[in-house]
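The values are calculated or read from the model by the stated rules, or taken from the named source; none is laboratory data. This one's a predicted model, so the numbers in the text were calculated from it and none came from an experiment. Note that each Cβ is placed from the backbone with ideal geometry, even for glycine, and that neighbours are counted across all protein chains shown.
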Amino acid sequence: MTTQAVIDVKNKIRSIPDFPKEGIIFRDITTALKDAKTLPVMVDYLCEQFKDTKIDYVAGIESRGFIFGMPMAYKMKAGFVPIRKPHKLPAETYSQSYELEYGTDTIEVHKDAFPQGANVLIVDDLLATGGTAEAACKLIKKTGANLVGIAFLIELEDLNGREKLTDAPKIVSMVKY
């Protein structure tokens, strides 16, 4: 994948100042997703970064991790497992809370999501402070599966979220701000 392809994707992501509050620049991926030429470039790039890694399952974090996780799982010939917000999964779950700027939140995964020792790749659209991804890593560990990496479309480098992801052997982001 060329540097130009990454630049092209970055140019398709819309920046919205002062959303959801003043001082924040929101990186809106909907403009990239709706482009029929850009969507496969994003999915292909993230898959390519793990081409030499055995992946049994792709775990997408709700909700935009689902957007990339499903086509990646298909392309990698792996299963897909959703990591969801509380009370959205019907069977018994593991839960993991994490800190937000103002409070806490929780994500969950089914206890039987992965067989023991399965290789799992976590996918989400954005790495900011790292709280959600760190919680997802802890969930994978609770299931007895092996975390092989995390893939993000966007990384906000100034927020240092990567520093929280010490359990991830490989962290990939396509576009960096």
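Going by what's in this entry, would Val58 be described as part of a helix (DSSP H, G or I) and either at pLDDT below 95 or surrounded by 14 or more Cβ atoms within 10 Å (Cβ to Cβ) (or both)? Even if it seems obvious, please write down each step before you answer.
Values: part of a helix (DSSP H, G or I): no; either at pLDDT below 95 or surrounded by 14 or more Cβ atoms within 10 Å (Cβ to Cβ) (or both): yes.
When the stated conditions are applied, Val58 does not pass them.
Considering each residue of segment 46-55, count those that are part of a helix (DSSP H, G or I) and either in contact with an Asp or Glu (Cβ under 9 Å, 6 or more places away or on another chain) or crowded, with 18+ Cβ neighbours inside 10 Å (or both), and give that number. Reasoning before the result, please.
Here is the first cut: in segment 46-55, the ones part of a helix (DSSP H, G or I) are 46-48.
This time we only want the ones that are either in contact with an Asp or Glu (Cβ under 9 Å, 6 or more places away or on another chain) or crowded, with 18+ Cβ neighbours inside 10 Å (or both), so: 46-47.
Residues that pass the stated criteria total 2.
Might you let me know whether segment 93-110 holds any residue that is assigned to a loop (DSSP other than H, G, I, E, B) and modelled with pLDDT of 95 or more? Walk me through it before giving the result.
Step one: list which residues in segment 93-110 are assigned to a loop (DSSP other than H, G, I, E, B), which gives 101-102.
Filter again for modelled with pLDDT of 95 or more, leaving none.
Scanning segment 93-110, I find no residue that is assigned to a loop (DSSP other than H, G, I, E, B) and modelled with pLDDT of 95 or more, so the answer is no.
So, in segment 69-108, of the ones that are of a type in the set (Val, Ile, Thr) and more than 30 Å from Tyr45 (Cβ to Cβ), which residue ends up surrounded by the fewest Cβ atoms within 10 Å (Cβ to Cβ)? Working first, answer last.
We begin by selecting, within segment 69-108, every residue of a type in the set (Val, Ile, Thr); these are 81, 83, 93, 104, 106-107.
Retained after the next criterion (residues that are more than 30 Å from Tyr45 (Cβ to Cβ)): 93, 104, 106.
On the way: Thr93: 22, Thr104: 10, Thr106: 14.
For segment 69-108, the residue satisfying everything is Thr104.
Considering only segment 140-163, how many residues are touching a strand residue (DSSP E or B) at 6+ places or on another chain (Cβ under 9 Å) and either outside any strand (DSSP E or B) or farther than 15 Å from Tyr45 by Cα (or both)?
Selection size over segment 140-163: 13.
Just to check your reading of the model, which residue among Ala136, Ala113 is surrounded by 17 or more Cβ atoms within 10 Å (Cβ to Cβ), among the hydrophobic types (A, V, I, L, M, F, W, C) and part of a loop (DSSP other than H, G, I, E, B)? Break it down stepwise before answering.
On the way: Ala136 fails: part of a loop (DSSP other than H, G, I, E, B).
After ruling out the rest, the residue left standing is Ala113.
For Val120, are the conditions met, namely being buried (at least 21 other Cβ atoms within 10 Å of the Cβ) and either more than 13 Å from the chain's Cα centre (by Cα) or among the basic types (Lys, Arg) (or both)? Give the steps one after another, and end with the answer.
Values: buried (at least 21 other Cβ atoms within 10 Å of the Cβ): yes; either more than 13 Å from the chain's Cα centre (by Cα) or among the basic types (Lys, Arg) (or both): no.
In short, no.
For segment 111-160, enumerate the residues that are within 30 Å of Phe26 (Cβ to Cβ), in contact with a Lys or Arg (Cβ under 6 Å, 6 or more places away or on another chain) and not small (Gly, Ala, Ser).
Matches in segment 111-160: Asp125, Glu134, Ile154, Glu155, Glu157.
List the number of the failed condition for Lys34; all other conditions in (1) closer than 25 Å to Ile7 by Cα; (2) touching a residue at least 60 places away in the same chain (Cβ under 8 Å); (3) surrounded by fewer than 18 Cβ atoms within 10 Å (Cβ to Cβ) hold.
So the condition that Lys34 fails would be (2).
I need a count of the residues in segment 1-24 that are assigned to a strand (DSSP E or B) and either hydroxyl-bearing (Ser, Thr, Tyr) or surrounded by 10 or more Cβ atoms within 10 Å (Cβ to Cβ) (or both).
Here is the first cut: in segment 1-24, the residues assigned to a strand (DSSP E or B) are 14-17.
This time we only want the ones that are either hydroxyl-bearing (Ser, Thr, Tyr) or surrounded by 10 or more Cβ atoms within 10 Å (Cβ to Cβ) (or both), so: 14-16.
Number of matching residues: 3.
How about segment 25-34: which of its residues are touching a strand residue (DSSP E or B) at 6+ places or on another chain (Cβ under 8 Å) and part of a loop (DSSP other than H, G, I, E, B)?
Ile29
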